[in-house]
Amino acid sequence: MSTVEPVDSVDSKVNKSEEIRNYLRTAPADKRMPKDVVAALKEKGIDVGNAYVSIVKSKLMPTKEKVQKKKSKEENVSTDSFDSLLLAKKYLNAFDGDVSLARKNLELVSKLIS
């Protein structure tokens, strides 16, 4: 039976994905193509392929679903805020624009509720 000895190279001790991410964060925009990443990491002694770099790079970019979900959430917040402001304005109009009177009535209502 033969025993397998660990390979004493840079590749066995390095997280290739993390190295790719680090390079992409620090590299200038014109040096972020997979071939540039492969060349830069090869200089460090890390062997990766173009396809692997492309996969890691694609996972860094936000997906369409995440972007759409974030946009719809932002739209809901602004719509809810606007609707709340309209309700507050209607309430204030019921007291002829007298903020102090409206505030006193809100305090009374909060005492009744609690």
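Taking label points 7 Å from Cα along the Cα-to-Cβ direction, Lys89 and Val109 give a separation of 1.8 nm. Pick out, from Ile46, Leu60, Tyr23, the residue whose Cα sits farthest towards the positive end of the charge dipole of the range 10-60, with +1 on the Cβ of Lys and Arg and -1 on the Cβ of Asp and Glu. Ranked along the dipole, the leading option is Leu60.
Evaluated on the range 10-60, the Kirkwood hydrodynamic radius is 10.7 Å, with distances taken between all distinct Cα atoms.
Ordering of 89-99, 33-43 by packing is 33-43, 89-99, highest average first (other Cβ atoms within 10 Å, averaged per residue).
Any read-out appearing in this document is the output of simple, stated calculations on the displayed coordinates, not a laboratory observation. It should be emphasised that the depicted structure is a prediction, and the values quoted were computed from it without experimental measurement. Virtual Cβ from ideal backbone geometry, glycine too; neighbours counted across all protein chains shown.
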